[in-house]
Every structure is written in C-alpha cells, then in structure tokens.
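Asks: Before anything else, here's the structure in question.
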Amino acid sequence: MRIRNIAYGGCVLLLQPLVACSDDSVPQNRMMNVADAVAPVPAPAPSADTKLVVAFGDSLFAGYNLELAEGFAPTLERALNKAGVKAQVVNAGVSGDTSAAGRARLAFTLDGLARKPDLVVLSLGGNDMLRGLSPEETRTNLDAILAELKTRGIPAVLTGMLAAPNLGPDYAAAFNPIYPRLAKAYGVQLYPFLLDGVLGQRALQLPDGIHPNPKGVDVMVAGVSPLVEKALWP
C-alpha cells in the first residue's frame, strides 16, 4: 500500500492537533462519550449469523465532531452489510485516548458486550505520538492489548499510525515499526496508516486538518473494510 502522507508535517506542526483530540469540546449528541465507550451502549445481542465487531480506538473511531451515523463504526457496519457480511459494529472509540488508556479499559469494554466479539479493529497510538510519548510505552501497551485479545480468542485487525516529521527521524525510527512488527508477531491483519488518502486532503477533513469528515470516514472504511472481511471470513 502506498501511503500518502503529503503535508503530514504541516498538519501536526508543533503538535497543535492534540487539542482537537480532546473530547472536552465535542457536542455530547455527536459522539459516544467516554462512559458509553467504556461500557458500550446496551444493544440487543446479535443473532448467531451476525458477526460482532468492536471498533476500539481513539477519536478517529469515536466519530469526533460527526453525527452518530457518520462515524467509523456505523460506516463500517454499512459497508460490511453492503458487501454481504451481516455484522454489528460497536463503537468503542474514546477521543483523546492514549494506548495506556485503551489498555486500561479493554477488559471492562469486552466484558460489557452481549457476547464475545468475532473481531476487534484496534486503532491506538496516534495520541501517544502527538504527545511525544515514548514509543516503547506505546509498543508495550499495544502488545498487551493484542495479548489480551489473543488470550480471549478474539481475532484483531490493527490499524497503524505514522510519526509526524517534526518529531524527528529518531522518533519516527522507533515509532513507525511498532505496528508492522506487532501485526507480524500476532499474525493479525494490518492497515498500515489509518489516515491514508485522508490526511492532507482538505475536502476529506474537518477544519482541524487531521480528523476526517464523513467523506474522509468513507475513505478510511474503504481501506480497512476488506481486511475486516478477510479477518471475519479467513
């Protein structure tokens, strides 16, 4: 996959988009709040022939500043159903989450579901990078999440993130390989860069220059959904 990260450095210059990854200013009627993501909104248990998928991540999954039906999870659900995969996708994204925060809420989130999910789509680490946190800590947390999923017998699809150029080559050399190495170690499907084709494309972004608008979410889902289908029907 050719990763298009034109103007990535400008989008995250001086780590300014970190403010946008906080959920403090997000209208509560526009996205699942923290409590909802930690303990998913009660929903009827999916039927035996319906795949249960959990979108577990940060603001890119939570639907930052989007209507409820426009976020990653509902868009992915529609794409899967259109492709003939009967699925229910749970939005377990929390804006501002680091990999450590995601690790801390994973078990509680999974235990609150109607049943064991057939797949978890994992997207964390972007806020770690924006805050300049240690890549080793990010790797350790993501490793622990994937290990917990493996222990529970839950397959995963991992979506990656890339370090902003202004963080320097040393940081990028430590951060960027985290996702492909973990995907290989755990034998999971990898989408290398979640914002591929979106970042730097103003027509696909919110005014903050990093989060996707509904059209941007469509691009993200178009990239990820084939891997989700493959993971659900190996």
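Asks: Any residue in the stretch 175-198 that is more than 25 Å from LYS51 (Cα to Cα), touching a residue at least 24 places away in the same chain (Cβ under 8 Å) and among the polar types (S, T, N, Q)?
Replies: No: the stretch 175-198 contains no residue that is more than 25 Å from LYS51 (Cα to Cα), touching a residue at least 24 places away in the same chain (Cβ under 8 Å) and among the polar types (S, T, N, Q).
Asks: Is it the case that LEU76 is at pLDDT 95 or above, surrounded by 21 or more Cβ atoms within 10 Å (Cβ to Cβ), farther than 23 Å from TRP233 by Cα and over 11 Å from the mean Cα position of the chain (by Cα)?
Replies: Answer is no for this residue.
Asks: Quick check on the stretch 112-123. Is at least one of its residues among the acidic types (Asp, Glu) and over 17 Å from LEU52 (Cβ atoms)?
Replies: Within the stretch 112-123, not a single residue is among the acidic types (Asp, Glu) and over 17 Å from LEU52 (Cβ atoms).
Asks: May I pose another question? Going residue by residue through the stretch 212-219, is there one that turns out to be of a type in the set (Asp, Glu) and touching a residue at least 12 places away in the same chain (Cβ under 8 Å)?
Replies: Looking for residues that are of a type in the set (Asp, Glu) and touching a residue at least 12 places away in the same chain (Cβ under 8 Å), one finds at least one in the stretch 212-219, hence yes.
Asks: Additional query: For the stretch 79-121, name all the residues that are of a type in the set (Asp, Glu) and either in a helix (DSSP H, G or I) or more than 13 Å from the chain's Cα centre (by Cα) (or both).
Replies: Result: ASP111, ASP118.
Asks: Further question: Suppose we keep only residues that are assigned to a helix (DSSP H, G or I) and in contact with a Phe, Trp or Tyr (Cβ under 7 Å, 6 or more places away or on another chain) within the stretch 148-181. Which one would you say is farthest from VAL228 (Cα to Cα)?
Replies: If we take residues in the stretch 148-181 being assigned to a helix (DSSP H, G or I) and in contact with a Phe, Trp or Tyr (Cβ under 7 Å, 6 or more places away or on another chain), then PRO165 is farthest from VAL228 (Cα to Cα).
Asks: Next question, about the same structure. Could you tell me whether any residue of the stretch 200-212 is of a type in the set (D, E, K, R) and either on the phi > 0 side of the Ramachandran plot or under 15 Å from the mean Cα position of the chain (by Cα) (or both)?
Replies: Checking the stretch 200-212: not a single residue is of a type in the set (D, E, K, R) and either on the phi > 0 side of the Ramachandran plot or under 15 Å from the mean Cα position of the chain (by Cα) (or both).
Asks: Kindly list, by first and then second residue, each pair from a residue in the stretch 68-84 that is touching a residue at least 60 places away in the same chain (Cβ under 8 Å) to a residue that is in a loop (DSSP other than H, G, I, E, B) and surrounded by 13 or more Cβ atoms within 10 Å (Cβ to Cβ), limited to pairs with Cβ atoms under 6 Å and residues at least 6 apart or on different chains.
Replies: Sorted first by the residue in the stretch 68-84, then by its partner, the pairs are GLY71/GLY63.
Asks: Any idea which residue in the stretch 122-145 is farthest from the chain's Cα centre (by Cα), counting only those that are part of a loop (DSSP other than H, G, I, E, B) and surrounded by 17 or more Cβ atoms within 10 Å (Cβ to Cβ)?
Replies: LEU133
Asks: Please work out which one of (1) closer than 30 Å to SER134 by Cβ; (2) in contact (Cβ under 8 Å) with a residue 40 or more places away in the chain; (3) not aliphatic (A, V, I, L, M) is the condition GLN88 fails and give its number.
Replies: The single condition GLN88 does not satisfy is (1).
Asks: Would you say LEU199 is under 15 Å from ASN127 (Cα atoms) and surrounded by 17 or more Cβ atoms within 10 Å (Cβ to Cβ)?
Replies: Criteria not met by LEU199.
Asks: Scan the stretch 210-234 residue by residue and report those that are outside any helix (DSSP H, G or I) and at pLDDT 95 or above.
Replies: Of everything in the stretch 210-234, those that are outside any helix (DSSP H, G or I) and at pLDDT 95 or above turn out to be HIS211, PRO212, ASN213.
Asks: Which of the residues that make up the stretch 91-112 are out of contact with any Phe, Trp or Tyr (no Cβ under 8 Å at 6 or more places or on another chain), under 18 Å from LEU194 (Cβ atoms) and not charged (D, E, K, R)?
Replies: Hits for the stretch 91-112 are VAL94, GLY96, THR98, SER99, ALA101.
Quick grid of which residues meet (1) under 21 Å from ALA173 (Cα atoms); (2) in contact with a strand residue (DSSP E or B) (Cβ under 9 Å, 6 or more places away or on another chain); (3) among the β-branched types (Val, Ile, Thr); (4) at pLDDT 95 or above:
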position	(1), (2), (3), (4)
GLY93	no, yes, no, yes
LEU119	no, yes, no, yes
GLY132	yes, no, no, yes
ARG152	no, no, no, yes
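The values are calculated or read from the model by the stated rules, or taken from the named source; none is laboratory data. Remember, predicted model here, so these are calculated numbers, not experimental data. Because the Cβ atoms are built from the backbone with ideal geometry, glycine has one as well, and the counts that use them run over all protein chains shown.
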